[in-house]
Amino acid sequence: MGIVFGLMAAVLLGASDVAAAKVSRTESSMAVTRTALLTSVGIALVGLIIVPSVWTVRDVAVGSLSGLAMTVGLVMLYRAYALARVGVVAPTTSVLTALIPVLVAYLRGDVATGVAWVGIVLGLAGIALATYEPPNTMSNSGAASQGSGRTGLVLGLGAGLCFGSGFSLLAETSNQSGLVPVVAQRGAGLIVLLFVALPRSAPVFALRAHVRTVSLSVGILAGIAICFLKLGFRRGPDGPVAVATSQFATAAVVFAVVFMKERLRPIAAVGIVCAAIGVAMMSLG
């Protein structure tokens, strides 16, 4: 059941990513993110009414650390996208997002079965294949362009480490906490981004009606997704649940093909099949 929750989180995160990426082309990405985070805090608070939850200092602290890690990862990811091709950065970020919780679970002694391990490997490979695009041919601008691309990849690695750490920290919260860590995570992220916005003249929240509506939708989807992720960690092993949730990159590719009419490359189709088989094997394991 935990992997089912992880897959539901992946689908919702994939949809929110596509919507956020599209609207961020016409509005400050930070304003969109802050609006979405504020909305997701509200979603998490509503979730407290549905899911029995217990407030403890430890769970709030760990949830807040998870939020800080994921917010830093988000900032690094946006910067990486500005410096290097999205299709080159995204696979590395997505794979590390899945791999870190798997390694943490292994070090804790949460050893998966052989079938589950094969599924994890297939799931990671599926993410990489589904999101990979060949890098641009090196331009004539020389070392400066090459250096920017390398910097983008390094930032992508950092983003993956941050997201993976955020997932792992969320998994460390107690089952009795319910959705309290999600409220702390989303709230901490919002506070950080508001603090970053203070010295800038950019809008704190999305101002235009259309952008604000989409940003609110992004926040609703992402908020529900993180709630599902926390419930998934309560119901299943951390590693497979994290890998299932990290299929949000694969889900984003599918949504882009269906709703944005982007062309599905053969290697991406192979990746989607690998991801589906991998998740099925994790479920069996």
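The values are calculated or read from the model by the stated rules, or taken from the named source; none is laboratory data. Nothing here was measured: the structure is a model prediction, and the numbers come from that model. Reconstructed Cβ throughout: ideal geometry from the backbone, glycine too, with neighbour counts over all protein chains shown. SASA here: full protein model, heavy atoms, side chains in, ligands and nucleic acids out. Shrake-Rupley method; radii C 1.70, N 1.55, O 1.52, S 1.80 Å.
Out of every Cα-Cα pair that the chain contains, those further apart than 30 angstrom amount to 27 percent.
With the simple model of a label 7 Å out from the Cα in the direction of the Cβ, Thr26 to Ser174 spans 4.8 nm.
Taking the protein heavy atoms of the chain in the context of the full set of protein chains, the accessible area attributed to carbon and sulfur is 72 percent at 1.4 Å. Given R0 = 35 Å, the distance between the Cβ atoms of Val273 and Arg150 translates into a calculated FRET efficiency of 0.65.
Could you give the length gained on full extension between Val258 and Val46, defined as 0.36 nm per residue of separation minus the Cα-Cα distance, in nm?
73.2 nm
For the pair region 156-232 / region 5-55, the C-alpha centres are spaced 6 Å from each other.
Taking the Cβ-Cβ separation of Val196 and Val115 as r and a Förster radius of 30 Å, what is the calculated FRET efficiency to the nearest 0.05?
On the way: r = 44 Å, r/R0 = 1.47.
Computed FRET efficiency for Val196 and Val115: 0.10.
Each of Gly126, Val104, Leu264 was placed along the dipole of the chain (beta-carbon charges, centred on the mean Cα), and the one lying farthest toward the positive end is Leu264. Charging the Cβ of each Asp and Glu at -1 and of each Lys and Arg at +1, and nothing else, the dipole of the chain about its Cα centre rounds to 540 debye. Using the Cα centre of the chain as origin and beta-carbon charges of +1 (Lys, Arg) and -1 (Asp, Glu), tell me which of Gly14, Cys162, Gly239 is placed farthest towards the positive end of the dipole. About the Cα centre, the residue reaching furthest to the positive side is Gly14. Cut-off 10 angstrom, C-alpha nodes, Gaussian network model of the chain. Which of Val180, Val253, Val75 fluctuates the most? Fluctuation is largest for Val75. Taken over the C-alpha atoms, region 165-285 has Rg and Dmax values of 17.6, 52 angstrom. Think of a 1.4 Å ball rolled over the protein heavy atoms: the chain then has 46 Å² of accessible area per residue.
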